[in-house]
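Peer 1: Pasting in a structure now, in structure tokens, and then I'll have a few things to ask.
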Amino acid sequence: MRSLQNSGRDLLTEGLTVLRIETTEKVLDSLLLFIEELVLWNRKTNLIGTSDETEIITRHILDSLTVYPLLKDRKGSILDIGAGAGFPSIPLAIVDETLSICAVERRRKRASFLRNAVLLLGTGNLTVLECDARDVKGRFEIIMARGVGELALLYELSKRLLKERSMIIAFKGKITEIEKEVSRLKGKQAENEDYNLHIHKVKIPSLEEEERNIVIIETR
């Protein structure tokens, strides 16, 4: 606990500073509490592939927060499809209480963890739905996904859930793989579908050597 509080706090502070996210004691305490709870649950339910606190901070929390500069000036309802262990929805809800996020997760154990985390952290700006994304009702300004595979699948899941002039955000890796996915997406695109697609290169603090990109699909 003390080791995590010291080294984890320093790593989070450094990472948030690099990402230009306001660092407060409340934010740091909440992120550290979330990590502790995730590690505890992960021993029993295998929510993610690691219980190493440093990897959770760099590969999950800071990776999730690379999208924040794209969200902070665009307020609106956000849907996180396939939220899993809470990435990116929980870190985003912690660092910005003005964001309104709905996390949808169909697997019971993961959904239970998400509900528990919301209660523990007091993140009133985050709600959890235990269902398939195809069963979600409502419309959203922003739909994001870190765990959904192909862009074509994400676009298909998102179309009916988006309001006008909205956007889809996908966390991706190598540009060569993204280009293949974009090609397959365009191959499945209907004639009347119109959108702008942008690729933003991002750097994860402490993992700068790894290639990471965020794909933005803006509907018209």
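The values are calculated or read from the model by the stated rules, or taken from the named source; none is laboratory data. Keep in mind that what you see is a predicted model, and the values were worked out from it rather than measured. Neighbour counts are summed over all protein chains in view; Cβ atoms, including those assigned to glycine, are modelled from backbone coordinates with ideal geometry.
Peer 1: Quick check: is even one residue across segment 173-182 outside any helix (DSSP H, G or I), at pLDDT 90 or above and exposed (fewer than 14 other Cβ atoms within 10 Å of the Cβ)?
Peer 2: yes
Peer 1: Which residue is modelled with the lowest pLDDT, if the candidates are limited to segment 36-61 and must be among the polar types (S, T, N, Q) and touching a helix residue (DSSP H, G or I) at 6+ places or on another chain (Cβ under 6 Å)?
Peer 2: The extreme case among them is T45.
Peer 1: Okay, next question. So which residues in segment 24-37 are polar (S, T, N, Q) and within 18 Å of the chain's Cα centre (by Cα)?
Peer 2: S30 - this is the single residue of segment 24-37 that is polar (S, T, N, Q) and within 18 Å of the chain's Cα centre (by Cα).
Peer 1: Go through the residues of segment 83-96 one by one and say whether even a single one is surrounded by fewer than 17 Cβ atoms within 10 Å (Cβ to Cβ) and either on the phi < 0 side of the Ramachandran plot or not in a helix (DSSP H, G or I) (or both).
Peer 2: no
Peer 1: Identify, from the list L120, L114, the residue that is hydrophobic (A, V, I, L, M, F, W, C), touching a residue at least 12 places away in the same chain (Cβ under 8 Å) and within 20 Å of I169 (Cβ to Cβ).
Peer 2: Just a single option satisfies the conditions, and that option is L114.
Peer 1: So, of the residues in segment 138-160 that are closer than 14 Å to I101 by Cα and either of a type in the set (G, A, S) or more than 12 Å from the chain's Cα centre (by Cα) (or both), which turns out to be surrounded by the fewest Cβ atoms within 10 Å (Cβ to Cβ)?
Peer 2: Out of the qualifying residues, it is G138.
Peer 1: Moving on. Quick one: T127 ticks every box in (1) more than 22 Å from T219 (Cβ to Cβ); (2) out of contact with any helix residue (DSSP H, G or I) (no Cβ under 7 Å at 6 or more places or on another chain); (3) assigned to a loop (DSSP other than H, G, I, E, B) bar one, so which box is it?
Peer 2: Just one mismatch for T127, condition (3).
Peer 1: Out of (1) basic (K, R); (2) within 16 Å of P88 (Cα to Cα); (3) in a strand (DSSP E or B), what's the single condition that is false for R115?
Peer 2: (3)
Peer 1: Kindly check whether there is at least one residue in segment 38-48 that is assigned to a loop (DSSP other than H, G, I, E, B), under 22 Å from A145 (Cα atoms), within 17 Å of the chain's Cα centre (by Cα) and without any contact (Cβ under 8 Å) to a residue 60 or more places away in the chain.
Peer 2: Yes, segment 38-48 contains a residue that is assigned to a loop (DSSP other than H, G, I, E, B), under 22 Å from A145 (Cα atoms), within 17 Å of the chain's Cα centre (by Cα) and without any contact (Cβ under 8 Å) to a residue 60 or more places away in the chain.
Peer 1: Where residues in segment 49-72 are surrounded by 15 or more Cβ atoms within 10 Å (Cβ to Cβ) and of a type in the set (G, A, S), which of them is farthest from I199 (Cα to Cα)?
Peer 2: Only one residue fits best here, namely S51.
Peer 1: Turning to a different aspect of this structure: Within segment 31-48, work out how many residues are crowded, with 18+ Cβ neighbours inside 10 Å and of a type outside the set (A, V, I, L, M).
Peer 2: 2
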